[in-house]
Amino acid sequence: MGEEKKMLSLVVPAYNEEAVLEVFYRETERVTARMDVEIEYLFVDDGSKDRTLSILREMAARDKRVHYVSFSRNFGKEAAIYAGLQNAVGDYVVIMDADLQDPPTLLPQMLEAVVKDGYDCVGTRRISRKGEPPVRSFFARLFYKLINRVSKTEIVDGARDYQLMSRKVVEAILSMGEYNRFSKGIFGWVGYRKQWLEYENIERAAGETKWSFWKLLLYAMDGIIAFSTAPLVLSSVLGFLFCIIAVVMTIVIIIRTCVFGDPTPGWPSLACIIIFVAGIQLFCLGILGQYLAKAYLETKKRPIYLVSEEVLGEKERLLDK
Ligand code: UDP
Ligand code: MG
């Protein structure tokens, strides 16, 4: 009896991906066929409204290494990643997008870095953003600059969720059971020895992106709130600053009144000041509210996702006992 082959689980979140699933499977098969490792596909259907689930059913019936979890509704990519990591049984796990923007051709190199070179995980980052609207790239860069300044956790610019990990890292990520999941931060937070691979941006094979500018903006804000409390400090600093300004202005006005008397003009500027300060107050209250809202959601301890249907491997059933 030889040593049992190690298993690599491919966790693939899929939301309305009927156009690319088969292509993804074919391309990945071509690469993994040459790799000396057993493969498990673990698709996570994130409440798709198209034929994604029926394609997954067909694929699972055809190939017993294809497993899937199907959510009761759309819970978002972060929840899909979490479900994938929870259900994957491989010794190594890699997270990949279904649209081939995470090139499977990198897999052999990634696996080697973990198996042979002793890394705990291998991350990938794109060094260009070609094919992306310039406005989006600009705000993305701004976001990374900002979040790295305010957060102690390093969040690498251009880092993808395409990452191959050893079991140890998977368990570490799963131990972070927070409801507000921001993977880019979580991956950095857990640490471990990590190698980075770089590649040029690749455009989606088919179908279209699920991220509107607005969705990305909210996601960015969630990320900052999840991995930094700097905005709260900002509101305290602003409050303090305005107190100082108010004191200085009062002194100036008292002196001016004593010297020049009290002519009444000046109310328009007063109105401006009142509105401005009220604005700052609402802004700070808003920041506070954001943290409170997140804390509120965390304390509810709602499940991160709900499953409506799943096909998992043998190993998983054994683990269940
Ligand atoms: N995705 C998901 N749930 C969502 C949105 C996206 O599971 O609510 C998946 C999607 O199917 C894809 C991956 O996340 O496999 C990345 O999404 P997309 O390609 O739309 O994002 P982009 O590459 O444009 O940032
Ligand atoms: Mg994509």
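Observations on the model:
- Heavy-atom accessible area for Tyr15, with the other protein chains in place and a 1.4 Å probe, reaches approximately 50 Å².
- Rounded to the nearest 0.05, the FRET efficiency derived from the C-beta distance between Glu203 and Thr257 at R0 = 56 Å is 0.25.
- Solvent-accessible surface of the chain, taken per residue with a 1.4 Å probe and all protein chains present: 56 Å².
- Rounded percent of accessible protein surface that carbon and sulfur make up, segment 195-246, 1.4 Å probe: 72
- At q = 0.10, 0.11, 0.12, 0.13 Å⁻¹ the log10 of I(q)/I(0) for the chain amounts to -0.65, -0.75, -0.87, -1.00, computed by Debye summation with a single uniform scatterer per C-alpha, solvent ignored.
- Computed [θ] at 222 nm, deg cm²/dmol, the chain (DSSP H ≥ 4; -39,500 (n - 2.57); rounded to nearest 500): -16500 deg cm²/dmol
- Model label points for Arg30 and Leu234, set 7 angstrom from Cα along the Cα-to-Cβ axis, are 4.6 nm apart.
- Relative contact order of the chain, defined on C-alpha pairs under 8 angstrom at six or more residues apart (%): 22
- Counted over the chain, the DSSP beta bridges are approximately 35% antiparallel.
- Cα convex hull volume per residue for segment 172-300 (Å³): 224
- Percentage, to the nearest whole number, of Cα pairs in segment 1-135 over 27 Å apart: 21
- Theoretical gain in end-to-end length, Gln109 to Ser175 [0.36 nm per residue, Cα-Cα removed]: 21.0 nm
- Cross-link reach list, lysines versus Lys210, counting only Cα pairs under 17 Å and skipping chain neighbours closer than eight places: Lys49, Lys77
- Heavy-atom accessible area order for Asp99, Asp50, largest first, 1.4 Å probe: Asp50, Asp99
- For the pair segment 147-214 and segment 52-123, the centres of their Cα atoms are 14 angstrom apart.
- Cα Rg over Rh - segment 108-192, Kirkwood: 1.01
- Computed over protein heavy atoms with a 1.4 Å probe, the carbon and sulfur contribution to the accessible area of segment 1-82 reaches 48%.
- Ser54 paired with Glu309, simple spin-label distance in nm, labels 7 Å along Cα-to-beta-carbon: 1.0
- In terms of accessible area, using a 1.4 Å probe and ignoring ligands and nucleic acids, Cys243, Cys284 rank largest first as Cys243, Cys284.
- Taking all Cα-Cα distances within segment 155-221, those exceeding 20 Å account for 42%.
- Legend: distances between Cα atoms for Lys152/Lys300; Lys168/Lys194; Lys145/Lys215; pairs beyond 21 Å are Lys152/Lys300.
- For Leu197, the residues whose modelled amide H falls within less than 5 Å of its own, excluding neighbours fewer than 5 places apart on the same chain, are Gly123, Thr124, Arg125.
- A simple charge model with +1 on the Cβ of Lys and Arg, -1 on the Cβ of Asp and Glu and nothing else charged puts the dipole of segment 198-321 at about 480 debye relative to its Cα centre.
- Counting only protein heavy atoms and using a 1.4 Å probe, the accessible area of Arg181 comes to about 30 Å².
The values are calculated or read from the model by the stated rules, or taken from the named source; none is laboratory data. This structure is a prediction, so every number in the text was calculated from the model and none was measured. Note: ideal-geometry Cβ built from the backbone for every residue, glycine included; neighbour counts use all protein chains shown. Heavy atoms of the whole protein, side chains included, go into the accessibility calculation; ligands, DNA and RNA do not. Shrake-Rupley method; radii C 1.70, N 1.55, O 1.52, S 1.80 Å.
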